[in-house]
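Let me begin by presenting the structure, written as structure tokens, before commenting on it.
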Amino acid sequence: MREIAGKYEAAGLKIALVISRFNELISQKLLDGAVDCLKRHGFADTDGVIVWVSGALEIPLVAKKLAASGQYDAVLALGAVIQGETAHFEVVAAESAKGIAQAALQTQVPVVNGILTTNTVEQAMARAGVKSGNKGFEAAMTAIETANILKQLK
Ligand code: INI
């Protein structure tokens with residue numbers, strides 16, 4: 001049986017990153033991890049764009065616009081939604097995730113969810129590269145892999 005697997009090769013891919021300024025310290029670390037990942041897999045700086053938005057709730061619209069532009073093989077959403085910060089944590093977490101999934105399905109372009117949802121700032125820091133792993137790096141791996149899968153399915 002034929003098997004299809006996405007390569008972790010980012011040379012020639014066009015990728016847009018959408019990133020939330022809310023909890024900027026953490027977002028910046030996620031961005032550092034994502035860019036590190038892309039570069040280490042052959043991505044050319046000139047093939048990408050980074051768009052900063054106010055918060056996670058603004059990510060889906062901008063991600064969808066970028067995905068629908070036809071200019072990108074994948075869009076990578078980065079940010080941090082932290083429970084302690086607000087009572088509407090659950091709304092922000094759920095709506096941003098839902099919007100990102102819809103943007104991907106509606107445009108048929110991978111829109112990868114690299115938004116952390118944690119109970120505390122400490123947990124968010126740990127997952128943004130301070131302790132073990134960086135979710136930005138992992139999400140960038142997923143963006144590369146999924147973009148390459150879709151290229152093979154064309
Ligand atoms: N946005 C985030 O990216 N992370 C959060 O933790 C957060 N909290 O906690 O409120 C957050 N809220 C702002 C929201 O995304 C919108 O920017 C705002 O509601 C305006 O639409």
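Dipole of the range 15-153 computed with +1 at Lys/Arg Cβ and -1 at Asp/Glu Cβ about the Cα centre; of Leu150, Gln28, Ala44, farthest Cα towards the positive end is Leu150. Among 3-13, 92-102, the peptide with the highest mean count of other Cβ atoms within 10 Å heads the list, and the full ranking is 92-102, 3-13.
Normalised by the number of residues in the chain, the mean separation of alpha-carbon contacts (under 8 Å, six or more apart) gives a relative contact order of 33 percent. Pairs exceeding 19 Å between alpha-carbon atoms, taken from Lys29/Lys135; Lys29/Lys64; Lys7/Lys29; Lys14/Lys154: Lys29/Lys64; Lys7/Lys29. Inter-label distance, Val91 to Gln152: 4.3 nm, where each label sits 7 Å from its Cα along the C-beta direction. Computed over the chain, the quotient of the alpha carbon radius of gyration and 2.2 N^0.38 Å is 1.00.
Each Lys or Arg adds one and each Asp or Glu takes one away; over the other residues whose Cβ falls under 15 Å from the Cβ of Ser132, this sums to +2. Expressed to the nearest 5 percent, the antiparallel share of DSSP beta bridges inside the range 15-153 is 5 percent.
The numbers here are math on the coordinates, done by the rules we state, and not lab data. Remember, it's a predicted structure, so these values are computed and weren't measured experimentally. Note that we place each Cβ from the backbone using ideal geometry, even for glycine, and neighbour counts take in every protein chain shown.
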